[in-house]
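What follows is a set of notes on a single structure, which appears directly below.
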């Protein structure tokens, strides 16, 4: 089953690297263009539960790595996590939204937009989610130093003195 | 669960059953009239036993919130290998996780079951954690304590909660066992007793180090121990060796015979075994085949200044190395046929093989240091000539003359140094079947264990005995515990607390040693001044007596007019200033003739100091 | 005309119908909700960022604070991920203790949920009972771990300390006390006609919709899907204990709370079995020195069944002494941000709190 | 609470009035809120101390800042605090509002609560236990008795500085100042 899916993925899509590091994991590294079609392909294969969309900031490579983690709701023998990864340019930081495939991608993408500054094209609601303010560098990027920021912002505010 | 899918609408009256709770005992805890004791493991405010705390600062390092700062307490007089710093906890940061407790090597930091501190001033939320033992005013006894008084300023006595447990600690209290030749096998030959760590073992041992750097303060030469151990953990022996060579150019020697002051300071040693720092140094030097390639250090451009080093012991070698790197021309004089000085003749082969010495010496020679071996200053070359021809002189002559007990017939006894030297680099000694070694120091242990090996080799299969006699009892015996344990395991017999009275001789042959019971070893001022019970005697049979009670330096090579100018301290040590300079112009000194520690690493520390001094002197910055 | 009657209403964070620091912006017409949009972030601390600054061990006191209602499953998921990446074995006894702790935590969390829901529906007596019983279990936690709320007990390589003496009896006693009250709970709450009237057909979600929106936990099980990670991907000793996964078909608030009740009973069964089967022996395999501990490069995704659904952790290590990227997949995240919005649409204002609490949303989990 | 205080009742009836009826505003600001439900329900029963949660800030005179305060919440806290009628008392829970606590390096939580609103008492702990909450309440009584719980007066007098600090953090605030911004003392 794994092997056949692996083969199928590799033949259907170009530039796809499939590895099976553990018994219950499959890691698929795909190129930017094919991600959405792979997502819908996997959804049709029964991987209908999008668990998480995450992002890793590989600052040295100047890439963001988007990570989609899929599994299945069905009770059949296919509860394998599929970790679908793709690297996008850190400078441009733009990607297509996956809402058309998985509806619950919406808050995840909104979070990544806010914390990493990735612009998901076609997302209906890219507004603030958690944060109250705009940060110059989105806070979850590796070049945002939160300790520095704390020193700069919070530590500079003076105490209100007790004496009259 | 059977009625899973069917939905019961339920009745409206049934809930009135709950009225029965009106007549039951209420569950409310009538605090503060009724109090609930926190559990025995409760994680509340900190306690710290100041007597046990070493000030290592591991708690401050592990704290995820940087809630702990180490505060210097001037009142505390730190013991060697300890700091007078104690943790101060900020309860505006602390999350009561107890990581600091689990990492505390001496187990002094604990959490109490006190948790009440309410105040209008946020500045009061810091606590210099202290125990009730040392802090009487802040810990109230049960009868005086009330919850309304409870705060950081007033807490309950004996209210220990979450405490450290070695089984669950975050550090590993036990050492990686060192592979050794078993005692019954090693007495039969002179093979090296300690086999050295393998790569995995060394990494595992290096992993134990908590990087608190107490050892670095304790080491006389202040080696960057935590850094070189970290390099070993990261599998970079080259890097590790580079760090060692910054302060110590003879790691192969030191890695075997160093007195390891660092290990006595190691915070892990408080409740467990210290990190095997010495063996790790040895591992680093053993792993690197070619120092020169690994270190890639080249001497600086030549300055044209000439320095003479008298004595190629640890101090002499180090001075030569450090000065050579600064570009000076170094010549080392030594009466022995090779480098190492006392290291070459003293430590028996099973502890320090000649190859290891030569590895270090050859590297130093390869940097361009000139060695003149088999050259006794004062005999083969005159000190006056050296004094005339060189820009600076370093005296690293050490103590080369064995002291004698001066009891009756003590001329029949064998001096320890001669014994060791003959065996290591000379022709060898014919030992007796029953050897008596006088002394309780490390040299005595070396002599005894070596004699035992020789007996086993010279009289295979026969019954042989080696016994030691020392003034000091077990508790004050100057030899290291390790050495004593090893000697015991090999079968050396001990007679502590006895002093020699007379060596019995019949027909010119040694028959044994007459001993008397020791009353005290030191006088009231703590000076060495043994007294005896004259009437309590013991006779030890033996056909050979070796005296290993200490050594003295030999200054006979220095001409009288110069020697008269050389100043000494009250304890008969050569007096030097903070640059290692003696009272003689352009003469520097270090090692056993200067310090009281009498070991290799202190000699290296002296040498480092003197090397800086000589360099300044040669640059004209020192008068 | 209709535009004028539309009104934007802020629901929370300071609002009686709100449990936790959370807020919803409602667009209402009369008392009908036209559109709801969740407004989280009141508790955002940037955990995942902070964890990148702390070493593997220093993160332990940190993770449990992500969800204050049920900290132990957070510890568990982090411990599992670290163990997986670093290749650390867990002693058998520790696995049993972990299961006990996790189930006790599930009880605590469910009782808290019962309190909130009963309070919301006006069953104050039941709410008081639930909170009282929860407190009894917190006492057990204090006995075991040294703290009432943040236990910091499940560690990589096992658990932090062994069970204290007599702990088993204390647990069984407490469970007996709580268990003997189940008929009262049933008659006063679960089988109460008023409860039925107030919760039935509220916040109804179909099976397909739940799946489409990424629901897990009670919300999915209330629609009849037997989806429980303890069964699918057993961790700790869940493959060695016998328990059922309660499901219901209707997908409304009533079914969800009934599932909570049934799960509590299953939890008690699991705890009993664990105490019976628990072997003697070690409970902790030492982790390496925390100042030098590096975890080999790699990534992993692990998940556990928390009391609200699937709790996952995506953990990336680049071979350093600190994690490179941590991302928690918390169950409340899709529940609170997608499903809540969906269910509130066309509901009436009176039901907002009712629906929200029946979804079991906890704000700190969403915000992180 | 105790009969000996009847004298006090006659002396300062207003003080006694609000001292024994500290009504807490229902606002779950941080994780410390998890210990509030046990406190207000049957096991610990805060009503014995006169502490009950109330629905709106207008009815309340006790504000429990339960734990860490994120930027977004701080805004809500300031608004809620300003809505509460005088006299009002604030209590900071746990480590976080004192000096940042666990989140001392977080970009989204404030480190010192008393820079933005006055705080009358702090409770140590992470979590503070229910007992600590009660002792805090009794401490607050003492402070009210002695006239030390003057946070709200300080807020009025130093409003300019508080408002400045708040605006340093948030930029211009959407609501008008509660008190006149001029410094009375010149």
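Taken together, the values in this text are just the output of simple stated rules run on the coordinates, not laboratory data. These figures come from a predicted structure and were not determined experimentally. All Cβ positions, even for glycine, are placed from backbone atoms using ideal geometry, and neighbour counts span all protein chains on display.
Taking the alpha carbon gyration tensor of the stretch C:2-60, multiplying each eigenvalue by 5 and rooting it gives semi-axes of 38, 12, 7 Å, largest first.
Stokes-Einstein diffusion of the stretch B:170-237 at 20 °C, 1.002 mPa s viscosity, Kirkwood radius from Cα pairs, rounded to a whole number: 154 µm²/s. Between residue C:31 and residue C:321, what FRET efficiency comes out of the Förster formula 1/(1 + (r/R0)^6) with R0 = 60 Å and r the beta carbon distance, rounded to 0.05? Given R0 = 60 Å and the Cβ-Cβ separation, E is 0.60. Cα axis of helix B:442-458 to longest principal axis of chain B: angle in degrees, 0 to 90, nearest 10? Between the helix axis and the principal axis of chain B, the angle is about 70 degrees. Remark: the residue B:382-residue B:621 segment gains 83.2 nm on full extension, using 0.36 nm per residue and subtracting the alpha carbon distance. Between residue A:100 and residue B:523, the distance separating the two model label sites (each 7 Å from Cα on the Cα→Cβ line) works out to 10.2 nm.
Compared with the dominant principal axis of the Cα atoms in chain B, helix B:314-325 is inclined by about 80°.
Kirkwood radius and radius of gyration were both taken over the C-alpha atoms of the stretch A:1-103, and their ratio Rg/Rh is 0.96. Across chain B, the relative contact order, built from alpha-carbon pairs under 8 Å that are at least six residues apart, equals 11 percent.
Summary value for chain A: 16 percent relative contact order, contacts being C-alpha pairs under 8 angstrom separated by 6+ residues.
Shielding by partners for peptide D:68-81, expressed as the average number of C-beta atoms from other protein chains within 10 Å of each residue's C-beta, is 5.
Of the two radii for the protein assembly as shown, the radius of gyration is 1.06 times the Kirkwood radius, both from the alpha carbons; that is the Rg over Rh value.
GNM remark for chain A: springs join alpha carbons under 10 Å apart, and the peak mean-square fluctuation among A:31, A:74, A:93 falls on A:74.
Note on residue C:346 and residue C:172: their simple-model spin labels are 5.3 nm apart, each label 7 Å out from Cα toward Cβ. In terms of the mean number of neighbouring beta-carbon atoms within 10 Å, the peptides B:293-303, A:139-149 order highest first as A:139-149, B:293-303. Note on B:43, D:129, C:248: ascending count of other Cβ atoms within 10 Å places them as C:248, D:129, B:43, the fewest first.
Diagonalising the gyration tensor over the Cα atoms of the stretch C:118-171 and scaling each eigenvalue by 5 before taking the square root yields semi-axes of 29, 13, 7 Å, largest first. The orientation-averaged projected area of the convex hull spanned by the Cα atoms of the stretch B:227-382 comes to 10.1 nm². Taking 0.36 nm per residue of separation and subtracting the current Cα-Cα distance, fully stretching the chain between residue B:537 and residue B:404 would add 45.8 nm. Computed over the stretch D:6-149, the P(r) tail beyond 27 angstrom holds 17 percent of alpha carbon pairs. Take the Cα radius of gyration of the stretch A:1-58 and divide it by 2.2 N^0.38 Å, N being the number of residues; the result is 1.12.
Taking every alpha-carbon pair in chain B and binning the separations at 10 Å intervals from zero gives 3, 13, 19, 20, 17, 12, 7, 3, 2, 2, 1, 0 percent.
Computed per residue of chain D from DSSP H runs no shorter than four, each worth -39500 (n - 2.57), the mean residue ellipticity at 222 nm is -10500 deg cm²/dmol.
Remark: spin-label model distance residue C:282-residue C:8 equals 6.0 nm, labels positioned 7 Å along the Cα→Cβ axis.
Considering all C-alpha pairs of the stretch B:93-190, those separated by over 17 Å amount to 64%.
Distance from the Cα centroid of the stretch B:443-471 to that of the stretch C:314-339 is 67 Å (rounded to whole angstrom). The residue A:92 and residue D:164 beta-carbon pair, evaluated with R₀ = 45 Å, returns a calculated FRET efficiency of approximately 0.65. The alpha carbons of the stretch B:183-295 give a radius of gyration and a Dmax of 13.9, 41 Å, in that order. Taking Rh as the Kirkwood radius computed over C-alpha pairs, what is the Stokes-Einstein D of the stretch D:37-109 at 4 °C in a medium of viscosity 1.567 mPa s, expressed in µm² per second? Answer, rounded: 95 µm²/s. When B:100, D:31 are arranged by Cβ crowding within 10 Å, least crowded first, meaning fewest neighbours, the order is B:100, D:31. The mean number of Cβ atoms from other chains found within 10 Å of a Cβ in peptide A:133-146 is 3, as a whole number.
Go ahead and set up a Gaussian network model of chain C, Cα springs under 10 Å, then flag whichever of C:91, C:164, C:40 fluctuates most. It is C:164. Neighbouring Cβ atoms from other chains, within 10 Å of the Cβ of residues in C:124-133, number 5 on average.
Listed by Cβ neighbour count within 10 Å, with the fewest neighbours leading, B:102, B:358, C:31 appear as C:31, B:358, B:102.
For the stretch B:401-551, the alpha-carbon radius of gyration amounts to 0.99 times the rule-of-thumb value 2.2 N^0.38 Å expected for a compact globular protein.
Largest GNM mean-square fluctuation among A:138, A:107, A:21, using chain A with Cα springs under 10 Å: A:21. Take the alpha carbon gyration tensor of the stretch C:3-365, find the square roots of its eigenvalues, order them as a ≥ b ≥ c, and report rounded if a/c is under 1.5; if not, report prolate when a/b exceeds b/c, else oblate. Cα axes put the stretch C:3-365 in the oblate bin.
For the stretch B:46-168, the relative contact order is 31 percent, taking Cα pairs closer than 8 Å that sit 6 or more residues apart in sequence and dividing their mean separation by the residue count. In the stretch C:13-132, one over the average inverse separation of all distinct C-alpha pairs is 17.5 Å, which is the Kirkwood hydrodynamic radius.
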